[in-house]
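All remarks here apply to the structure that follows.
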Amino acid sequence: MVKVRDLGLGFNSDEIVLFKYCSGSCHRARSNYDLTLGSLLQQQLIAPGPQERVLSHPCCRPTRYEAVSFMDVENTWQTVEKLSAAECSCIG
């Protein structure tokens, strides 16, 4: 449960909404892509840029989202699409 203004989307509202997110580790078998990327990174045959973070394993991410609706301080009904995770899965 978080205040709408804390979502970082620029909405001015003290309403509290349910923000669902994905977390946890993925124990799924690593694909050939994951194995190759990990090997190339370890051998330093490829290097990520200074601002990049390269993952060579699957990660838990939303696969379906829900919209969240709330009233702002101007008493205007707002709906933000694809804000809250509805389903999660291992991606990668």
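Data overview
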item	result
Cleavage-rule hits (trypsin sites (Lys or Arg not before Pro)) in region 31-92: DSSP loop, at most 14 neighbouring Cβ within 10 angstrom	R53
Hull shadow area, averaged, the chain [alpha-carbon convex hull, nm²]	7.7 nm²
Cα-centred dipole magnitude for the chain, charges only on beta-carbon of K, R (+1) and D, E (-1), debye, nearest 20	500 debye
Theoretical gain in end-to-end length, V73 to K20 [0.36 nm per residue, Cα-Cα removed]	16.7 nm
Positive-end residue, the chain charge dipole about Cα centroid, Cβ charges, pick of Q42, C60, F19	Q42
Spatial separation of Cα centroids for region 1-52 and region 72-92, in angstrom	17 Å
Folded to 0 to 90 degrees: helix 32-42 orientation relative to the chain principal axis, Cα	80 degrees
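Each reported figure results from applying straightforward, stated rules to the coordinates on display, with no laboratory input. Note that the structure is a prediction, hence the values are computed from the model and not measured. For neighbour counting, all protein chains shown are included, and Cβ atoms are generated from backbone atoms with ideal geometry for every residue, glycine included.
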